[in-house]
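The values are calculated or read from the model by the stated rules, or taken from the named source; none is laboratory data. All values reported here derive from a predicted model rather than from experimental measurement. Note that each Cβ is placed from the backbone with ideal geometry, even for glycine, and that neighbours are counted across all protein chains shown. Heads up: the accessible areas ignore ligands, DNA and RNA and are worked out on the full protein's heavy atoms, side chains in. Shrake-Rupley method; radii C 1.70, N 1.55, O 1.52, S 1.80 Å.
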Amino acid sequence: MAEVVLGIETSCDETSAAVLVGERGRPELAGLVILSQDVHRVFGGVVPELASRAHLAALPAVVDRALAEAGLSWSAVDAVAVTQGPGLVGALLVGVMFAKGLAYAGDRALIGVHHMEGHLFAPLVEDPDLAPPFVALLVSGGHTLLLDVPAWGRYRLLGATRDDAAGEAFDKVATLLGLGYPGGPAIERLAQAGDPARFSFPRPMRDEGYEFSFSGLKTAVLHAVRASADLERDRPHLARAFQDAVLDVLVTKLERAVRATGYPTAVLGGGVASSRTLAALAAQRLSGLARVAVARPRLNVDNAAMIARAGWFRLAQGERSDWTLDARADLPLPGLEPVPHPSPAPNSESP
Ligand code: KG4
Ligand code: ZN
């Protein structure tokens with residue numbers, strides 16, 4: 001088993017590298033660099049071509065810095081773990097080609113990692129005792145996944161979004177409110193000054209099953225913005241009502257899955273899980289039911305530590321990628337299994 005794993009993440013607009021070092025068989029984070037590409041701010045969203053170029057310019061230095069932070073040179077690295085997908089294909093390609101070049105030239109092991117499996121492993125970086133079975137809610141800019149995880153590497157998809165991802169809804173509503181990109185942190189900040197009773201938005205699909213839908217909620221905010229006579233005054237209240245609606249839907253479904261499975265733990269992951277408001281609401285609503293495991297915000301936004309950790313797991317299983325490893329804009333989550341227990345009936349929250 002590899003004792004030093006270099007992780008590389010370039011799926012969107014963060015250029016990141018991390019080093020995990022095995023201490024008594026347990027991987028510890030020895031170096032982590034996350035370079036956020038500021039260039040997209042002026043465009044109000046990620047411009048794929050610019051993202052690829054920025055990764056290309058920054059990645060070698062980001063990798064060097066992560067190794068320097070760990071006090072190691074490249075020769076100490078046993079394996080390279082890299083995000084293979086899903087994500088922006090041009091951005092992913094930069095990381096995959098760089099990782100392949102390093103691994104090939106140095107005759108090191110290579111492992112391609114699924115970006116959302118990386119998000120799932122994020123809490124394990126700081127909390128090595130975290131163990132399945134658990135329910136996981138993975139909420140990012142591109143995905144909203146509710147998973148039943150009976151064991152690391154085995155995933156049963158309970159529900160996903162039918163339209164916008166949760167983070168995407170935050171970003172689109174932030175644009176409607178005239179806030180910058182990324183929208184999630186701006187909305188969370190603004191919502192603190194918002195009156196929760198001033199506006200009320202629908203909770204799409206909250207009371208049934210495990211699937212999500214956020215596009216109608218976004219439209220409801222659009223109508224409220226258009227109807228507002230004083231957007232300056234209403235902005236924090238709109239942000240608050242929107243955030244309350246999204247988080248209520250997310251946590252209600254997480255709670256439903258925890259009750260249906262009876263698992264003692266719920267994991268939050270993905271960029272939206274860096275919302276302290278989400279973590280607090282989940283902890284409050286699951287109190288007495290399940291422990292909520294969530295990494296600190298730096299490990300929930302896109303970063304290479306989570307990729308290295310998921311790669312570490314795959315390498316320990318004896319898996320390796322070969323030189324045909326390619327970037328994939330769409331990549332199915334590895335280890336997906338059919339769901340054994342039927343979805344609970346509507347309103348079956350009570351035990
Ligand atoms: O996982 P991530 O960094 O990138 C993707 O894989 O997409 O997630 C980014 C998403 C963005 O949509 C951003 O608005 C959202 O995470 N996000 C938040 C917060 N911080 C980041 N959403 C709500 N509240 C936050 N505090
Ligand atoms: Zn992500």
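From its DSSP helices (H runs of at least four residues, each -39,500 (n - 2.57)), the chain gives a residue-normalised ellipticity at 222 nm of -13500 deg cm²/dmol.
A simple spin-label model places pseudo-atoms 7 Å from Cα toward Cβ; at Tyr104 and Asp248 they are separated by 5.4 nm.
For the chain, the antiparallel share of DSSP beta bridges with both residues in that region comes to about 55%. Using a probe of 1.4 angstrom and keeping all protein chains present, the accessible surface of the chain works out to 41 square angstrom per residue. Straight-line cross-link partners of Lys253 among the aspartates and glutamates, defined as a Cα under 18 Å from its Cα and at least 8 positions apart when in the same chain: Asp148, Asp163, Asp164, Asp207, Glu208, Glu211, Asp244, Glu349. Counting only alpha carbon atoms, the long axis of helix 276-285 and the longest principal axis of the chain meet at about 70°. Taking a ≥ b ≥ c as the square roots of the eigenvalues of the Cα gyration tensor, an a/c ratio of 1.5 or more together with a/b no larger than b/c marks the chain as oblate. For the chain, averaging the sequence separation of C-alpha pairs within contact (under 8 Å, six or more residues apart) and dividing by the residue count gives a relative contact order of 24 percent. Between Asp330 and Asp129, full extension at 0.36 nm per residue minus the direct alpha carbon distance yields a gain of 69.2 nm.
Rounded to whole numbers, the Karplus 3J(HN,Hα) couplings from phi for the stretch 34-40 are 10, 9, 7, 7, 6, 3, 6 Hz, using 6.51 cos²θ - 1.76 cosθ + 1.60 with θ = phi - 60°, and x at Gly and Pro.
Across the accessible surface of the chain, with the other protein chains kept in place and a 1.4 Å probe, carbon and sulfur atoms take up 53 percent. Here the Debye sum runs over all C-alpha atoms of the stretch 131-294 as equal scatterers in vacuum, and log10 of I(q)/I(0) at q = 0.08 Å⁻¹ comes out as -0.22.
Packing around the peptides 205-211, 108-114, taken as the average count of other Cβ atoms within 10 Å per residue, puts them in this order, highest first: 108-114, 205-211. Maximal additional length on extending the Arg298-Asp38 stretch stands at 91.9 nm, based on 0.36 nm per residue less the C-alpha distance. Straight-distance candidates among the lysines for linking to Lys218, with alpha-carbon spacing under 18 Å and chain neighbours fewer than 8 residues away dropped: Lys172.
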